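Working notes, beginning with the structure itself.
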Amino acid sequence: MLINSVIIILSEVLEAAILIALLLVLTRQLNMHWHWLIAGTSGGAALSWIYGVFLGDVSDLFGGVGQEVVNVLLQMGIYLCLSLIIYVAASLRVNQVMRNTVYGAMVLATMFVITHEGAEIYLFLSGFWGASGAAVSVYSGAAIGLGIGCSLGVLFFVLFTWVPDRAAKAITLAVLALVAAGVCLQTVQLLVQANWITSSTPVWDTSILVGEHSVGGQLLHVIFGYEASPSGIELGVYLLSLTFSAALVLLPRTIEARRPCWAQPLAK
Amino acid sequence: MIRQQLFYQLLYGVLSLFSLQVFASVAFADMPEYEITIRNHLFHPSTLVVPAHTKVKLVIYNQDNTAEEFESYELNREKVIIGGHKAAVFIGPLDPGVYPYFGEFNPRTAQGIIVSE
């Protein structure tokens, strides 16, 4: 029971921890305040508790798929926040308004991801409240899982500090774009699960190489949205998302480069 | 200024794409429906036979008083069902085969398979 509890809590916490670690890396690179983390985590914890309490009623909406709909809204919220962050972080000139927008987007993205994961954790843990025997092992397993998840997040953060400064921002934005694409992929999967989109047959099956059950598979899934057997529409949305992120980064620079020389901004 | 306009145009384009997908749904009539019950952290029936190449609606009725999460890697489905509630999970069209699933909150006991033939 303890091991189960560790694994369950760890996989939920890991998804949030990786995203938050990535946002902290970007905060460091952009010389921003990190205090958005406090607002994000406390808001997220409160929202996840509320979502957990009302999940039963929410689930019954939309013909039994209310849970999928709310999760889709959360994921799309995260995706929009990440796209905004990518756009501003890659901008050539950043003013204070844009900085404040990024700060707000980081708060919201953190809140949404913690709400999504936290609700499941709340439901799992509340089921064992008062069950005297199992409760101790379940709750200690949960604490261990939380600890491991946070440690992995810290490790992820530290890994990025080893990247040489010149490439640092580019690599961070690239990983952020991949995480955003993974979020889009999850959105599509939720819509397929709710029968709002038709599913199709898998394009390939790489479970021989890296199975989804395995530790490596889970890690790849959390960071890059790895799927062993993706369907055509999942693949299409993933690539579309990456293209969109690339456009957010490259288009402003292309437009800037094509301005006539007399309209170029004066060098500082 | 141009940058901002382009950004909003792109955003609008992506959002339209999303909304198109949402409303391109399939008709719900004549879909086979099967009920799976969760009692004492066990799935009843633990083996369910469904027709292959057909979209199927599973209604999972959690008769325990604690929540359970219906999860399957093979079926790519993951859903939390609160105690005392029912939830709908759509699967398929499936190729013929055996697709295991489990209850993530009680994985040792709550296990089942869906056989598609």
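Only the coordinates and a few stated rules stand behind these numbers; no lab work does. Quick caveat, the model's predicted, so the values are computed rather than measured. Note that we place each Cβ from the backbone using ideal geometry, even for glycine, and neighbour counts take in every protein chain shown.
Summarise the long-distance tail of P(r) for segment A:115-240 by giving the % of C-alpha pairs beyond 20 Å. For segment A:115-240, the share of Cα pairs beyond 20 Å comes to 61 percent.
Specify the residue with the greatest mean-square fluctuation among A:Ile18, A:Ile171, A:Ile148, computed from a Gaussian network of chain A linking alpha-carbon atoms under 10 Å apart. Largest GNM mean-square fluctuation: A:Ile171.
Helix A:232-258 and the longest principal axis of the Cα set of chain A meet at an angle near 30°.
The simple spin-label model puts a point 7 Å past each Cα toward its Cβ; for A:Phe62 and B:Val59 those points are separated by 2.0 nm. Segment A:Val136..A:His33, full-extension length gain: 33.2 nm, with 0.36 nm per residue of separation and the alpha-carbon distance subtracted.
Once the other residues with Cβ under 11 Å from the Cβ of B:Leu94 are scored (Lys, Arg +1; Asp, Glu -1), what is the net sum?
Here the count lands on -2.
Once divided by 2.2 N^0.38 Å, the Cα radius of gyration of segment A:46-158 becomes 1.35. Alpha-carbon geometry of chain A: the Rg and the Dmax are 20.1, 77 Å, given in that order.
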